[in-house]
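Novice: What follows is a structure written as structure tokens; I'll ask about it next.
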Amino acid sequence: MRIGLFVACLTDTLYPGTARATVRVLERLGYTVRFPREQTCCGQAHHTSGYRREAAALAGRFADVFAGCDLVVTPSASCAAMVRTGYPHLARREPRAGRVPRVLELSEFLVDVAGVTDVGASFPHRVTYHPTCQSLRALEVGDRPLRLLRAVRGLELAELPAAEECCGFGGTFAWKNADTSVAIVADKVRHIGETRAEVVCAVDDACLAQIGGALSRLRGGARPLHLAEILASDGGAGAEAHR
Amino acid sequence: MSGAEHPGRARRGSSGSGRPAQNGPAYPWSHLLGRGTGERPSGPPRFADAARSALGDSAVRSSRSAAAAEQRGRRERGRGAEPAWEGLRRRATAVRERALADLERHLTDFEKAAEAAGTRVHWARDAAEARRVVARLAAAGGEREAVRSSSATAHELDLDAALRRAGVDVHESAVADLIAGLTGQGPDAESRTVRRHDRASARSALARRLPGAPADLAARPEALAEAARDYLRESLLEARTAITGANALVAETGSVVAMETEGNVRLGAAVPRRLITVAGIDKVVPAWADIAVLSRVWARSSLGAVQAPVLSTWSGPVEGDGPQEVHVVLVDAGRTAALGDPVGRQALRCIRCTACLDVCPVFERTGAAPYGSVHAGPIGAALTPQLRGTRSAREASLPFASTLCGACADVCPVGVDIPEVLLELRARVVDERRANPVPTPEALAAQSGEWVMAAERRFARAQRAASRWGRLLARGGRIRRLPGLLGRWTEARDLPAPPAESFRAWWARRSRVLAVRGGGREADGRARRGGPTALGGTGGSGAGEGRRDG
Amino acid sequence: MAEKRDPARAGVLARVRRAVAAAPPGAGREPGLGGSADAASARGRDTVSLFTERLAEHGIGVQHASGAEDLPRVIASALWGYGVRRAVVPRDLSSLWLSELDGVWAMRDDPPQAPLSVRAIESAGAAVTRCALAVADTGTLVLDGGIGQGRRILSLLPACHLCVVEADQIVPSMAAALPELDPARPTTWLTGTTMTTAIEGARVDGVHGPRRIDVIVVG
């Protein structure tokens, strides 16, 4: 099985640790992944901003870049959702968008394809989990990320109040309706504070950028981490070194 | 950067781009470094601008938030109590789809059946025509007063103003609307959903302004509701003309269907001599039997209850019982524009249960006012631009007033995929504005963004430039202020300083190391099992190598 | 017909036609036929006991009369319980039902020949009626102005509504009730009492319509 790794442009640029951690987890489980270097962007930002022509071109490109893969794994739930639920709408405009391999979000790959929930990670911290809207509603990943987290040694899972409410990111919404976006994330930050967790975890760096940006500005106690980073952790002191 | 890299020039003449040549740098974000033109279009404010002031009132926000949470709970319990909610929802969706699929026949069937039962059916192409028709009907015979029950359609068409101009005084017949009127609040979706009146302001409004209210009125909900009720009942019993909306019109039988909690529609349809129902043409359902599924999903989604406390149907005057003059006004007012859109038309399935409002993170913060219409919340954002068009800045901003979180679609009892409609409308707004002589900074950023993303080497170069630039802006590992339009992010959020090495740069470096070690066999984008540790592994020894804020 | 030449009517219908042609409906997700969901909870249940249970959930009092001979006494005791002096009844309510009223004056409403005034109906303490049907699954009373029900305001204005339901009038679901009704008649479906939450979301029962509804199930 040829497994392609798709790394969101945001992750690639701002949060490369997420992608490195994804590679580490997959390789630890014995999977070889390829990273087609020609990849750039899935076109999600264009699509959700109304730039369909541009989104369709990028979707076609995505299909070409990953044509040699049987399966694509990505640590970005919203990109996976874009390919799975957005591309079919673009296929009328760009037929190549209708011919993409199956794209799975990391937790889906681990639980459904690899068939594991215990990936051998150790992370002795109190963690709360924010289910991102695209993972929850478009991909329907369900409790897969939670099952993976529960199997992490030393990890103490704290339930997030109003977990299923959006973080207020919404792509360009965060700029176009910045005030509303911030009002929404302020409540998310408050709920995270109520858990007294050290770490808030999610499966999308875009939502984590929103939550993390607000936590940083509002001096919330928790730090944001992608699920992949927790699953890649072996509990070493390095976990703290960078923060 | 070289001329060949320039989006304006590089793409000139390519498929329909028509984009203007630019002289500035071609990186997508460079278009967003200015503040835009700073021009505010005339006319009603855009959603974001209107929302800013709504967000300012924290007391209103917290009471709205508490109300929304309570409503969500009630409706969730309601749906949970249905043994087969999904099946019910599919049937309700099918009823609404069938109605719209053959709307012409259903409308003419309704007209025929209603007229056979003695109802007079009237038609209106737009809001102005509807106002003329209703004002004429209400004022006929020199009538000077009418009672009106809550009706989104009546508010949408601004019937009250037209009635007043025609010399007809309109009295609200629902408790929340009465108090809203007395306290000088306009009618909007909140009065029937999220906003409630606090007891102090309700008491002062009722005690001071309501004729016949006792001066020592107690500020208890029961006492206040009773004072309002006594007044409303008198007004309903004295009325000679009642105006109502409709939850559904039954094509097969010519029946009007109205569901309510207070009984004011029941009273209004049973006492006055003249009854005028105003309804959008989208309200029609094919068959009498369809009421079962429709009323059930409406009650669950609107109230959480198994049925509304009162459901009334009528098809015409009945001798010796209630109104002797029964009218129905069928109104288009933009509905056919929505009907002609293959994606947007699903918004016409809406049965006005308002379930989507209470689960919407945006509506919960902003309330109804910024939507600029009685149709507020997610469905308002999906419906209003279709009814009114997207030429004005306010209507064009509505499809963007959503995080696309999808909570609305999850609860919609008639399967309206609101995010899908919003995406369609966003594309429509963007395409309409592509023809503008001066493209917006956002349009330029989107176009050059696509051009950059269309080639990996351009992307990698832009990424390196962005990262260098971002590190220059950062202090202590975080960016606290971005310039221009990008700065909307940093008004209240930080951004981490971009790390020196992107993932793709790291991968390329690792692949080179692997190629050297493995004799080149694992080169070209494939990592060997286990991964090399020489590069510090793939994630360091612990989580958290990426420098996120927090 | 004049309406057929109405330019507004023609205009709306022409637009509808064009719109549907421009966006022809998809394959039309037709639901599977199967049983109706709203009858699901009623299936396999004794409708009388389900109905009684639902009424109780809605805060509606339920009394049982074993048969026609028992009914006048149950009606009388319910009215005594209300403490009312006057009750309004429709023209065609069986006199036998009212044969044991002692101290309560039953006023008959007989429109259009001999209607009670709106004020007379309003000031009566109670209304006694039959119903057209009752729905077990939802605990709903259905009135359609048929025999023993009177005109709409009769059961709407008095403070209490005493409704007599015969056991064989109880159908399992709303879907089962609709075909039994004549759509030409005005129908009123009552599920619990009316209420408002306009003030601080606090539920206040009984806005328009009786504050108290009681049901007597016969048989």
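Only the coordinates and a few stated rules stand behind these numbers; no lab work does. What you see is a predicted model, and the numbers here were worked out from it, not measured in a lab. Ideal geometry is used to build each Cβ from the backbone, glycine not excepted, and the neighbour counts take in all protein chains shown.
Novice: Check chain B for me: any Cys whose beta-carbon has no other cysteine beta-carbon within less than 4.7 Å?
Specialist: Singleton cysteines: B:Cys350, B:Cys353, B:Cys360, B:Cys412.
Novice: Right, something else. If you take the beta carbon distance between B:Leu486 and B:Asp410 as r and set R0 to 35 Å, what does 1/(1 + (r/R0)^6) give as a FRET efficiency, to the nearest 0.05? Let's see the in-between values first.
Specialist: On the way: r = 32 Å, r/R0 = 0.92.
After rounding, the FRET efficiency stands at 0.60.
Novice: If you take the charge dipole of the protein assembly as shown about its Cα centre, with +1 on Lys and Arg Cβ and -1 on Asp and Glu Cβ, which of B:Ser65, C:Leu50, A:Leu139 is farthest toward its positive end?
Specialist: A:Leu139
Novice: Please build a GNM for chain C, connecting alpha carbons under 10 Å apart, and tell me which residue among C:Val207, C:Val12, C:Val48 fluctuates the most.
Specialist: Of C:Val207, C:Val12, C:Val48, the most mobile in the Gaussian network model is C:Val12.
Novice: Report, as a whole number in µm² per second, the diffusion coefficient that Stokes-Einstein gives for segment B:86-335 at 4 °C and 1.567 mPa s using the Kirkwood radius over alpha carbon pairs.
Specialist: On the way: Rh = 18.7 Å.
After rounding, the answer is 69 µm²/s.
Novice: If the only charges are +1 at each Lys and Arg Cβ and -1 at each Asp and Glu Cβ, what is the size of the charge dipole of the protein assembly as shown around the Cα centre, to the nearest 20 debye?
Specialist: On the way: 135 positive and 112 negative charges, 1026 e Å.
Taking the Cα centre of the protein assembly as shown as origin, the dipole is about 4920 debye.
Novice: Let me ask another. Give the angle, between 0 and 90 degrees and rounded to the nearest 10, that separates the Cα long axis of helix C:47-57 from the longest principal axis of the Cα atoms of chain C.
Specialist: Once rounded, one gets 90 degrees.
Novice: Using a Förster distance of 41 Å, how high is the FRET efficiency between B:Arg165 and C:Trp105, based on the Cβ-Cβ distance and rounded to 0.05?
Specialist: That gives a FRET efficiency of 0.25.
Novice: If you wrap a convex hull around the Cα atoms of the protein assembly as shown, how much volume per residue is inside, in Å³? Walk me through the numbers on the way to the answer.
Specialist: Details: hull volume 178.0 nm³, N = 1012.
Normalising the Cα hull of the protein assembly as shown by residue number yields 176 Å³.
Novice: Just need the Rg to Rh number for segment A:3-113, please, alpha carbons only, Kirkwood Rh. Don't skip to the end; give the middle numbers.
Specialist: On the way: Rg = 13.3 Å, Rh = 13.9 Å.
Rg/Rh: 0.96.
Novice: Grab the DSSP H runs of chain B that are 4 residues or longer, score each as -39,500 (n - 2.57), total them, divide by all residues and round the 222 nm result to the nearest 500 deg cm²/dmol. All intermediate terms of the calculation are to be shown ahead of the outcome.
Specialist: Numbers: 25 runs with 256 residues, N = 550.
Helices in chain B give a 222 nm mean residue ellipticity of -14000 deg cm²/dmol.
Novice: Using the alpha-carbon atoms, what tilt in degrees (0 to 90, nearest 10) does helix B:503-517 show relative to the longest principal axis of chain B?
Specialist: That works out to roughly 40 degrees.
Novice: Can you order the peptides B:263-274, A:134-145, B:461-472, B:431-442 by their average number of other Cβ atoms within 10 Å per residue, highest first?
Specialist: Working: B:263-274: 25.9, A:134-145: 21.0, B:461-472: 16.4, B:431-442: 13.5.
Per-residue mean Cβ counts within 10 Å order the peptides as B:263-274, A:134-145, B:461-472, B:431-442.
Novice: At a 10 Å Cβ-Cβ cut-off, how would you order A:Tyr129, A:Tyr15, fewest neighbours first? Each step should come with its number before you reach the end.
Specialist: Numbers: A:Tyr129 25, A:Tyr15 34.
Least crowded to most crowded, the residues run A:Tyr129, A:Tyr15.
Novice: Once you average over the residues of B:288-296, how many Cβ atoms of partner chains fall within 10 Å of each Cβ?
Specialist: Values: counts 5, 5, 2, 8, 13, 6, 0, 6, 8.
For this peptide, the per-residue mean of nearby foreign Cβ atoms is 6.
Novice: Evaluate the charge dipole of chain C about its Cα centre and quote only its size in Debye, nearest 20, assuming +1 on the Cβ of each Lys and Arg and -1 on the Cβ of each Asp and Glu.
Specialist: Numbers: 23 positive and 24 negative charges, 231 e Å.
My answer is approximately 1100 debye.
Novice: Along the charge dipole of the protein assembly as shown, which of B:Ala409, B:Ala130, B:Leu88 sits closest to the positive end, that is, farthest toward it, with unit charges on the beta carbon of Lys, Arg, Asp and Glu (+1, +1, -1, -1)?
Specialist: Result: B:Ala409, furthest along the dipole toward the positive end.
Novice: Rounded to the nearest 20 debye, what is the charge dipole size of segment A:126-236 about its Cα centre when +1 sits on each Lys and Arg Cβ and -1 on each Asp and Glu Cβ? It would help to have the intermediate numbers written out before the result.
Specialist: On the way: 13 positive and 14 negative charges, 37 e Å.
In total the dipole reaches around 180 debye.
Novice: Go ahead and estimate [θ] at 222 nm for chain C from helices alone: -39,500 (n - 2.57) per DSSP H run with n ≥ 4, summed, over the residue count, rounded to 500.
Specialist: On the way: 5 runs with 49 residues, N = 219.
Computed mean residue ellipticity for chain C: -6500 deg cm²/dmol.
Novice: Would you mind putting B:407-419, C:112-124, B:138-150 in packing order, based on average other-beta-carbon counts within 10 Å, highest first? Walk me through the numbers on the way to the answer.
Specialist: Numbers: B:407-419: 22.2, C:112-124: 14.2, B:138-150: 19.0.
By packing density, highest mean first, the sequence is B:407-419, B:138-150, C:112-124.
Novice: Averaged over C:151-159, how many beta carbons belonging to a partner chain fall within 10 Å of each residue's beta carbon?
Specialist: Working: counts 6, 10, 7, 2, 1, 6, 5, 0, 0.
For peptide C:151-159, the averaged partner shielding equals 4.
Novice: Sort chain C into rounded, prolate or oblate with this rule: let a ≥ b ≥ c be the square roots of the eigenvalues of the Cα gyration tensor; rounded if a/c is under 1.5, and if a/c is not under 1.5, prolate when a/b is larger than b/c, oblate otherwise. Don't skip to the end; give the middle numbers.
Specialist: Values: a/c = 2.14, a/b = 1.57, b/c = 1.37.
It is prolate, given that a/c is not under 1.5 and a/b is the larger ratio.
Novice: In whole percent, what relative contact order does chain A give with Cα contacts below 8 Å and a gap of six or more residues?
Specialist: 20 percent
Novice: Identify, among A:Tyr15, A:Thr32, A:Val100, the residue whose Cα sits farthest towards the positive end of the charge dipole of chain A, taking +1 on the Cβ of Lys and Arg and -1 on the Cβ of Asp and Glu, with the dipole about the Cα centre.
Specialist: Selected residue: A:Val100.
Novice: Next question. What is the fewest-to-most order of B:Arg105, B:Arg493, B:Arg136, C:Arg185 by other Cβ atoms lying within 10 Å of their Cβ?
Specialist: On the way: B:Arg105 15, B:Arg493 28, B:Arg136 12, C:Arg185 20.
Ascending number of Cβ neighbours within 10 Å: B:Arg136, B:Arg105, C:Arg185, B:Arg493.
Novice: Still on this structure, I have one more. Highest mean first, what order results for B:154-160, B:394-400 on Cβ atoms within 10 Å?
Specialist: On the way: B:154-160: 22.3, B:394-400: 24.6.
Descending packing order for the listed peptides: B:394-400, B:154-160.
Novice: Given R₀ = 56 Å, FRET efficiency for B:Trp469-C:Glu53 by Cβ-Cβ distance, to 0.05? Show your work: numbers first, answer last.
Specialist: Numbers: r = 69 Å, r/R0 = 1.24.
About 0.20, to the nearest 0.05.
Novice: Explain nothing, just compute: Karplus ³J(HN,Hα) = 6.51 cos²θ - 1.76 cosθ + 1.60, θ = phi - 60°, for every residue of segment B:284-291 in order, whole Hz, x for Gly and Pro.
Specialist: 6, 10, x, 10, 3, 5, 5, 4
Novice: Evaluate peptide A:204-217: per residue, the Cβ atoms of other protein chains within 10 Å of its Cβ; return the mean as an integer. Provide the component values of the computation, followed by the final result.
Specialist: Working: counts 0, 2, 0, 0, 4, 7, 3, 4, 8, 13, 5, 5, 11, 9.
The shielding value for this peptide is 5.
Novice: What is the fewest-to-most order of B:Trp29, B:Trp451 by other Cβ atoms lying within 10 Å of their Cβ? Before the final figure, lay out each step's value.
Specialist: Working: B:Trp29 21, B:Trp451 24.
Sorted ascending by nearby Cβ count, the order is B:Trp29, B:Trp451.
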